[in-house]
Amino acid sequence: MSKSKLFLRISLILAIISCSFYAYKLINPTIVLIQGSSVINASDDRELSGFANNIFVGKVVTRISSKKLLPIPETQFKVQVLDNIKGELKGNVTVRQLGGQDGTKLYLHHGDALLEPGKTYLFATRFLESEKWHSVVPVYGDVEIKNNVELSNITERFKKAHKNEIPYDADKMPINKNNN
């Protein structure tokens, strides 16, 4: 075998290995956990309700796209509205979740798993007029509902929270001491 044929075969093998590794990384991305702070205590359903423009039960139809308005990806989903707890959404809406895949990395905000098409969730969102989408409150604003018992419990829990919500007032937020 000539040196040029040997070189060509080795180059081809290396190219196949390299492409296979990249394909593997796309299928099995490196998970990057994003940390951040919040303007509310989102674990308190009353504060979450006061912050959210809409609280609704919806079924994820499909992943639409990813966008980077921030340094990390944001993923948009088409969601079919099934029931409103707060707000009056109808039909299909675009829901945006902070996090998503960028190349071989999967970014998750505080480990909040990406929404999955076909699954039903309770959503607590704020509407972003400029993009015409509903931004999910990370971690606490996308609660998966697995069965009718959970649906009943979560719906009642958030109806109560909405009735007793703590209104969000950006003017009353504590000032960061580092920004005096």
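Nothing in this text is a laboratory measurement; each read-out follows from the coordinates by a stated rule. Predicted, not measured: the structure shown is a model, and the values here were computed from it. Cβ atoms come from the backbone with ideal geometry, glycine included; neighbour counts cover every protein chain shown.
Okay, here's what the table says:
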{"read-out": "Sequence-distant aspartates and glutamates (8 or more away, or on other chains) whose Cα lies within less than 18 Å of K163", "value": "D44, D45, E47, D83, E88"}
{"read-out": "In the stretch 26-132, GluC sites (Glu not before Pro) in a DSSP loop with at most 15 other beta-carbon atoms within 10 Å", "value": "E88, E129, E131"}
{"read-out": "Euclidean distance between Cα centres, the stretch 129-168 to the stretch 63-106, Å", "value": "15"}
{"read-out": "Sequence of V137, V149, V95 once ranked by neighbouring C-beta atoms within 10 Å, starting from the fewest", "value": "V149, V137, V95"}
{"read-out": "Relative contact order of the stretch 28-148, defined on C-alpha pairs under 8 angstrom at six or more residues apart (%)", "value": "29"}
{"read-out": "Cα→Cβ-extended label distance, 7 Å offset, between A113 and F127, nm", "value": "3.1"}
{"read-out": "Per principal axis, descending, Cα span of the stretch 45-169 in whole Å", "value": "42, 35, 27"}
